[in-house]
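Student: I'd like to ask you about the structure that follows.
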Number of protein chains: 2
Amino acid sequence: MGRKRTKSGKIRLAEVAELAGVSPITASRFFRNPEALSVAKRTRVESAARELGYVPNLAARALASHRTEVIGVLIPSLTNNVFSDVLRGIYDASEGSRYSIQLSNTRYSILQEEKLLRLFLAQKPAGLIVTGIDQTAESRAMLEAADCPIVQIMEIGPNPVDMMIGFSHYDAARAAIAHLFAQGHRKIGFVGARMDPRVQRRLDGYVSAMKEAGLFDQRLVVTTATPTSVTLGGTLFTDLLGREPGIDAVFCANDDLALGVLFECRRREIAIPEQIALVGFNDLEFMAAAVPTLTSVRTNRYEMGSTAATMLIEAIDGRRPERTVLDLGFRVIERQSSAARRSDSKPGLTGAGAANKMIALPTGHD
Amino acid sequence: MGRKRTKSGKIRLAEVAELAGVSPITASRFFRNPEALSVAKRTRVESAARELGYVPNLAARALASHRTEVIGVLIPSLTNNVFSDVLRGIYDASEGSRYSIQLSNTRYSILQEEKLLRLFLAQKPAGLIVTGIDQTAESRAMLEAADCPIVQIMEIGPNPVDMMIGFSHYDAARAAIAHLFAQGHRKIGFVGARMDPRVQRRLDGYVSAMKEAGLFDQRLVVTTATPTSVTLGGTLFTDLLGREPGIDAVFCANDDLALGVLFECRRREIAIPEQIALVGFNDLEFMAAAVPTLTSVRTNRYEMGSTAATMLIEAIDGRRPERTVLDLGFRVIERQSSAARRSDSKPGLTGAGAANKMIALPTGHD
DNA sequence: AGGAACGTTGACAGCGCTACCAGCACCGAC
DNA sequence: GTCGGTGCTGGTAGCGCTGTCAACGTTCCT
């Protein structure tokens, strides 16, 4: 029922103005800048609008003002837990503002990103949130020519297009490896999937830390371009074991992989952390619930999204934040899976109280 | 750089028309219904548009045509894996169409949903996707009065507003319990969190199956309004064990809870499935990777999203699908965690080959 | 007292596009 | 030959709102 399209029938600004006894333009101002009206007219317009149930026509507003109230968001994946947290932050922060979110999925393709960017920019968005710092030259040029504020999220790097909020994946990986070193682990494997730029930088951080310690060995690194999954974690770990049976720790580029490694160890009856220590990345909720609890690098995903949206909206509204590049840092959350190496290791006795302890990091920030 | 707002400077339809040597209205038709033009003009307009890099102004189009090309989507959560799969389906299916997705998060509140609905409807969306069948009376009235196609997703029920796509959570839960019965389990606990309408219907299905078998006991049911999490699965399971130490199976309202139960069992050294069988819901990816592999009820989330979007777009374009109510069904994916009960249970020997087998269901559909 | 400065208001003219309807050429049918 | 149909094209008139600028009354300064 009621499926057919009908004529407008909506009440317009002019009606509100008439009822309020003011000119349309004054009514218009009420909705955009109420302070500019005298108190008397303000209340008259307000009650008239309420009485009539007036809802502004955004299309007309956009047409007349040459500006939309849309924030474009480009993210590489809709599946990934990481981005759903970021997105939630973005949506939460934009709620209540007059801006609406236009989301698009680049599927980890910078060419697709370029295409979507062109599409977005053509609609003159009020602002833009893009993921990462690895745009094509063309995308980069478009972004720099865009006449709206832009926030790059997920990581920080040199030459921001405009604003930037994230953390150093490189440093975060180094901190994870430093932690494993501190616990006495030496032969540390790396397991990574999808290998998008941020995962690549985690690998770079791992490699640099291992090289500095004189422990790097290419055979310790197992990666694939395949999208990440828990199952894949087990598969890659199996590969790693095949190449280097003597590893004493594994650093996974994300928590799903770590969970897969945990299960694979259980399957193979490899004790964590006694035989092999395990560290993940992102600190998803299940890491604290696993048995043993799993060490991970906590990243501030929700905060990243909400802060990005907040900064963007402020910039759109002409109140550019003083800090335009924000490093949200990370924390290694030490849990049982990476407990200190010892000869007479007994399960469950991992340095009483150490589990779940947060440690300040050499390279970390907050 | 380039942050300031500039004047338009865009090329308009009129320019394209001029270059092509046709009237603006003819050029306009080219973009909406190319077949209506003679081949000669069609190619002229096409090349003119390409040459100038013309991009239509959607605001002007919306204003003039009294119609937007926006599909509103209302979902209860951005965090939940379940909805991210559905969303991915929606975005994938809408990609390439001229419709864009406008997403809003009701946070499991039907009052919030009503508010958002009012907001959406005021913008005259081309179509609407709403979650579930439990709207407020007010929302329901608005939906019925809306002059656009609407799809209700996630579940099916009586009195669709317009179109509907989902499955019966009640039947799915019954099928899960029937499976546990078939495996010889009797004292089956229910663990549920958040208790949104769909989880409630899973509980209803559980209750009815248990009552039919004369096995229902209120103490077997542990629920909470708290949002779901893996950790919570362990907590609720602990509650359940406290009340009913003798349970021989647990049916979890979702897979995160099931994972939490798995870990808690590991912590307590309870053997799955020998001492307690475990069944989850949704069949997230990790269920097949866990040790033991975890039985779950597979739901077609991605397909639900993509089909909903496809049906909606067809209806918008005037090609209403013949079937407007679609039951996407479910499947119980039998894995190790629910293997048949036996006296001399030995770990790992759960009926060779049964793991991962898909079974057709009494009440299930495909 | 004269004038500048300010706060407030309104008239006017579009923004870029499409709905609507009219017009034209051409065809076949009566 | 007149009529009505069909296929294509164009003119006109807005859609509902806001940018711009002018005008008004009031206050404050010199």
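Student: Rounded to whole Å and ordered largest first, report the semi-axes of the equivalent ellipsoid of region A:13-56 derived from its Cα gyration tensor (root of 5λ).
Tutor: Values for region A:13-56, descending: 14, 10, 9 Å.
Student: Which length gain, in nm to one decimal place, applies between A:Gln112 and A:Ala141 when the Cα-Cα distance is subtracted from 0.36 nm times their residue separation? Walk me through the numbers before you get to the answer.
Tutor: Numbers: separation 29, 0.36 × 29 = 10.44 nm, distance 1.55 nm.
Gain in length upon complete extension: 8.9 nm.
Student: Explain nothing, just compute: Karplus ³J(HN,Hα) = 6.51 cos²θ - 1.76 cosθ + 1.60, θ = phi - 60°, for every residue of region A:106-111 in order, whole Hz, x for Gly and Pro.
Tutor: After applying 6.51 cos²θ - 1.76 cosθ + 1.60, I find 8, 6, 6, 10, 6, 6 Hz.
Student: Provide the per residue accessible area, probe 1.4 Å, for the protein assembly as shown, rounded to a whole number of square angstrom.
Tutor: So the protein assembly as shown comes to 41 Å² accessible per residue, rounded to a whole number.
Student: For labels at B:Arg268 and B:Ser23 in the simple 7 Å Cα→Cβ model, what's the distance in nm?
Tutor: In this crude spin-label approximation the distance works out to 7.9 nm.
Student: Just for the Cα atoms in region B:1-132, what are the lengths along the principal axes, largest first, rounded to whole Å?
Tutor: 55, 41, 26
Student: Using the Karplus equation 6.51 cos²θ - 1.76 cosθ + 1.60 (θ = phi - 60°), what ³J(HN,Hα) coupling, rounded to whole Hz, does each residue of region A:11-25 give in order, writing x for Gly and Pro?
Tutor: 8, 9, 4, 4, 5, 4, 4, 4, 4, 7, x, 10, 7, x, 5
Student: Still on this model: Which three extents, in angstrom, do the Cα atoms of region A:77-228 have along their principal axes, listed largest first?
Tutor: Between the extreme Cα coordinates on each principal axis of region A:77-228 lie 54, 33, 28 Å.
Student: Here is a follow-up. Whenever you get a sec, compute what percent of the accessible area on region A:13-56 sits on carbon and sulfur atoms (1.4 Å probe). Walk me through the numbers on the way to the answer.
Tutor: Details: 1400 of 2620 Å².
Taking all protein chains in place, region A:13-56 shows 54 percent carbon and sulfur surface.
Student: Taking all pairs of different Cα atoms in the protein assembly as shown, averaging 1/r and flipping that mean, what Kirkwood radius in angstroms comes out? Walk me through the numbers before you get to the answer.
Tutor: Working: mean 1/r = 0.0356 Å⁻¹.
Result for the protein assembly as shown, one decimal place: 28.1 Å.
Student: OK, next. How long are the semi-axes of the equivalent ellipsoid of region A:256-320, defined as square roots of 5 times the Cα gyration tensor eigenvalues? Whole Å, largest first.
Tutor: Gyration-tensor ellipsoid for region A:256-320: 39, 8, 8 Å.
Student: Most fluctuating residue of A:Ala340, A:Ala145, A:Ala48 in a GNM of chain A with Cα springs under 10 Å: which is it?
Tutor: Top of the fluctuation ranking is A:Ala48.
Student: Ordered by residue, what ³J(HN,Hα) values in Hz, to whole numbers, does region A:127-142 give under the Karplus form 6.51 cos²θ - 1.76 cosθ + 1.60, where θ = phi - 60° and Gly and Pro are x?
Tutor: So the J values, rounded to whole Hz, are x, 9, 10, 10, 8, x, 10, 9, 8, 5, 4, 4, 4, 4, 4, 4.
Student: Counting C-alpha atoms alone, how compact is chain B: give Rg to one decimal and Dmax as a whole number, in angstrom.
Tutor: 25.9, 87
Student: Ok, one more. Tell me which residues come under 5 Å, amide H to amide H, from A:Ile156 once H is placed; ignore anything under 5 positions away on its chain.
Tutor: Residues meeting the criterion, in which the H sits 1.01 Å from N, are A:Phe167, A:Ser168, A:His169.
Student: Let me ask something additional. Taking springs between alpha-carbon atoms closer than 10 angstrom, which of A:Asp239, A:Asp255, A:Asp171 fluctuates most in the Gaussian network model of chain A?
Tutor: Of A:Asp239, A:Asp255, A:Asp171, the Gaussian network model singles out A:Asp239 as fluctuating most.
Student: Another question, then. For chain A, set up a Gaussian network in which alpha carbons nearer than 10 Å are linked by springs, and say which option among A:Leu312, A:Leu116, A:Leu241 fluctuates the most.
Tutor: Residue with maximal mean-square fluctuation among A:Leu312, A:Leu116, A:Leu241: A:Leu241.
Student: A follow-up question, please. Would you please give the residues with an amide H less than 5 Å from that of A:Phe190, counting only those at least 5 places away or on a separate chain, with H modeled from the backbone geometry?
Tutor: It is A:Val221, A:Val222, A:Phe251, by chain and number.
Student: Considering only protein heavy atoms and a probe of 1.4 Å, how much of the accessible area of region A:112-203 is carbon and sulfur, as a whole percent?
Tutor: Of the solvent-accessible surface of region A:112-203, carbon and sulfur hold 54 percent.
Student: If you don't mind, there's one more thing I want to ask. What residues have an amide H closer than 5 Å to that of A:Asp162, excluding those fewer than 5 places away on the same chain, when H is modeled at 1.01 Å from N in the peptide plane?
Tutor: Hits under the 5 Å cutoff: A:Gln152.
Student: Additional query: Interface size between chain B and chain A, please: total buried accessible area, 1.4 Å probe, rounded to the nearest 100 Å².
Tutor: Details: alone 17880 and 17910 Å², together 30290 Å².
Buried: approximately 5500 Å² between A and B.
The values are calculated or read from the model by the stated rules, or taken from the named source; none is laboratory data. A quick note: this is a predicted structure, and the numbers were derived from the prediction, not measured. Note that each Cβ is placed from the backbone with ideal geometry, even for glycine, and that neighbours are counted across all protein chains shown. Surface accessibility is based on the protein's heavy atoms, side chains included, excluding ligands, DNA and RNA. Shrake-Rupley method; radii C 1.70, N 1.55, O 1.52, S 1.80 Å.
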